[in-house]
1. Answer with one residue from B:41, A:64, A:86: the one whose Cα lies farthest towards the positive end of the charge dipole of the protein assembly as shown, charges on Cβ with Lys, Arg +1 and Asp, Glu -1.
2. If you count, for every residue in B:39-45, the Cβ atoms of partner chains within 10 Å of its Cβ, what is the mean?
3. Run through the other copies and list how far each one's label point is from that of residue A:180, in nm with one decimal, shortest first; the point sits 7 Å from Cα along Cα-Cβ.
4. Send over the per residue convex hull volume for region B:1-122, Cα only, as a whole number of Å³.
5. Return the Rg/Rh value of chain A, two decimal places, where both radii are evaluated on C-alpha atoms and Rh is the Kirkwood radius.
6. What dipole magnitude, in Debye to the nearest 20, does chain B give about its Cα centre under +1 on Lys/Arg Cβ and -1 on Asp/Glu Cβ?
7. Counting only other chains, what is the mean number of Cβ atoms within 10 angstrom of the Cβ of each residue in peptide A:122-134?
8. Quick one: compute the contact order of region A:146-220, relative version, from alpha carbon pairs under 8 angstrom and 6+ residues apart, as a percent.
2 protein chains.
Amino acid sequence: MKTYKTTDLNKVKRGPNRASYDVETIHTIIDAGFIAHVAYIYHNKAITIPMAYTRIEDKMYLHGSLKNRMLTALLDAKEASMTIMHLDGLVLARSGFHHSVNYRSATLFGSVKRIDNLEEKDKILEAIVDQMIPNRWDSLRPMSDKERNATLVVEMTIETASAKIRDVGVADEKADEDLPIWAGIIPVKQVALPPISDDKLSDEVTIPNHVLEYYEENKL
Amino acid sequence: MKTYKTTDLNKVKRGPNRASYDVETIHTIIDAGFIAHVAYIYHNKAITIPMAYTRIEDKMYLHGSLKNRMLTALLDAKEASMTIMHLDGLVLARSGFHHSVNYRSATLFGSVKRIDNLEEKDKILEAIVDQMIPNRWDSLRPMSDKERNATLVVEMTIETASAKIRDVGVADEKADEDLPIWAGIIPVKQVALPPISDDKLSDEVTIPNHVLEYYEENKL
């Protein structure tokens, strides 16, 4: 089992039984989504903003406009951290204290650099679109030089990381189990609804396979 | 219209047409969820972690164990910031450049203090459980002194805040609209699945109304 190294930064202190440093576990959590909450420091304050990402091997990629405050702050700091979280259920215990959620989350720390090589930039922007919805990029109008030049691409090499997963039932106090209080799980899930075609689409353009497949795989 | 004051910190630079400082808009986004990504600084690094919250008027409340690294860091810093985001759809344009998401997000900045008054603490922990699922607290086994003492409650008074909302269709280049490329929206939604009762529940305990109502309101 390949693991990310543990340091004071990523070592999970609370609920360590839920923690994992396994690379495959962490990459699976990353690949199940496309939006991370990225943390940065601005005027000595920590701020977090949701951003689209893609992962290629041990590298995370973000993009934005050339003046994006967060991206330029990350480039100045030469490091970044981000968290991806998927909520899987409400855990409703017999006491308030044992209420919890089922979830999968990954927190990543790494070193940051700007990608300037145009070929590499194109490959990354393609991967960012396809992380959101697989196989979309190939159907699109190619990127223009103007768009390419207006886009800042930032790479974070994952140096340390941790996953936390809770996927079990209610964990009540033994003494509470006989109380006449309902306890259980309400699973929650992010689902896709049927695609809505753009008004301006001509009638010949039908919904492509990659969109239908996304819907089939993500509908309830 | 009551608005949060804008400062260099919360003023939205990118896509300001989607930005709002309206208190009601921001509170509505907060109240539609119960998990925020909270940002903090640890050893000069910005980190973000998802946390359960509740809002009472202009105050946000977090809780955790007494030794929770993030909460103690926020108390030391005497300030915090956090972001709440709801993903509403994938926006699939005819070019990669115009791909986007529909969403509602709120980023909050404020001053932080610890809540020690026991009555106040109880009221807040009740609100945190009821933020997750309305009307649950009253059905629970009352909190013990041990639990109360083991729980750290942190209050953040919102000083500045901003909301960003995108809820429109595809925004392609005029010149791209006639291309034979499908464009549109795939709405996404977080939904509840049917509640699963705890194994140890005795047969007399049926699923209570607040759980059935949550499911009805949040199912697809």
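1. Value: B:41.
2. Partner Cβ neighbours, averaged per residue: 6.
3. The projected label point of residue A:180 is separated from its counterparts by 7.0 nm.
4. Output value, Cα hull per residue: 143 Å³.
5. Rg divided by Rh gives 1.04.
6. 960 debye
7. Shielding by partners across A:122-134 averages 2.
8. That works out to 29 percent.
A short reminder: the numbers here are calculations on the coordinates, not readings from a lab. Computed from a prediction, not measured in an experiment: that's the story for all the values here. As a convention, Cβ positions derive from the backbone with ideal geometry for all residues, glycine included, and neighbour counts pool all protein chains shown.
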